[in-house]
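J.: Take this structure first; my questions come after.
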Amino acid sequence: MTTEYRVRLDREACDGVFACLVRDDRFVEAADGLAGIEGGSSDLAATSDGGTETVAAFDDDRLDDARQAASACPVDAIDVTVVGDE
Ligand code: SF4
């Protein structure tokens with residue numbers, strides 16, 4: 001079963017611990033040493049507080065992987081939202 005969901009990564013909060021990478025290989029180390037998201041349709045957006053975030057939209061069966069990455073992140077930089085649940 002596929003689910004449509006969005007993964008938001010707050011790159012301001014991220015401190016490059018990379019606990020997320022081992023839970024979900026769509027999280028990758030970006031050139032600046034912080035995490036990035038691969039695949040999906042992603043976007044770099046400025047946040048209201050001047051930081052940047054990456055938002056990627058997916059429609060697949062890997063929602064649990066994304067959620068595990070989110071709960072593994074020690075600084076809560078990853079947010080997973082199921083489309084329609086907002
Ligand atoms: S686990 Fe969190 S802090 Fe660590 S790299 Fe991933 S998003 Fe960044």
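Bear in mind these aren't lab numbers, they're just calculated from the coordinates by the rules spelled out. Values in this document were obtained by computation on a predicted structure and should not be read as measured data. Please note: Cβ atoms are built from the backbone with ideal geometry, for glycine as well, and neighbour counts cover all protein chains shown.
J.: Using the Cα centre of the chain as the reference point, and only Cβ charges (+1 on K/R, -1 on D/E), how large is the resulting charge dipole? Debye, rounded to the nearest 20. Each step should come with its number before you reach the end.
T.: Working: 7 positive and 21 negative charges, 23 e Å.
Dipole magnitude for the chain comes out near 120 debye.
J.: Please list 3J(HN,Hα) in residue order for the stretch 15-27, calculated via the Karplus relation 6.51 cos²θ - 1.76 cosθ + 1.60 where θ = phi - 60°; whole Hz, with x for glycine and proline.
T.: Residue by residue, the stretch 15-27 yields 10, x, 6, 6, 5, 5, 4, 7, 8, 8, 6, 6, 7 Hz.
J.: As a footprinting exposure proxy, order F18, F58, F27 by other Cβ within 10 Å, with the fewest listed first.
T.: Numbers: F18 16, F58 23, F27 27.
Going from least to most buried by this count: F18, F58, F27.
J.: Using a basic spin-label model with each label point 7 Å from the Cα along Cα→Cβ, how many nm lie between D76 and E38?
T.: Distance between label points: 3.0 nm.
J.: The stretch 3-82: Rg/Rh from Cα coordinates, Kirkwood Rh? Kindly include the intermediate steps, with their values, before the conclusion.
T.: Values: Rg = 11.3 Å, Rh = 12.3 Å.
With Rg and the Kirkwood Rh in hand, the quotient comes to 0.92.
J.: What angle, in degrees between 0 and 90 and rounded to the nearest 10, separates the Cα long axis of helix 63-72 from the longest principal axis of the Cα atoms of the chain?
T.: Around 30 degrees separate the two axes.
J.: If each of D25 and D61 carries a label point 7 Å out from its Cα toward its Cβ, how far apart are those two points in nm?
T.: Label at D25, label at D61, 1.7 nm between them.
J.: Mind giving me the nanometre distance, one decimal, between the label points for M1 and V83, set 7 Å out from Cα along Cα→Cβ?
T.: Taking the two extended label points, one gets 1.8 nm.
J.: Return D85, D65 ranked ascending by Cβ neighbour count within 10 Å, so the fewest neighbours appear first. Write down the numbers at each step before the final one.
T.: Details: D85 8, D65 19.
Ascending Cβ contact count within 10 Å gives the list D85, D65.
J.: Normalised by the number of residues in the chain, what is the relative contact order in percent for Cα pairs under 8 Å and 6+ residues apart? Walk me through the numbers before you get to the answer.
T.: Working: 168 pairs, mean separation 38.6, N = 86.
Relative contact order here is 45 percent.
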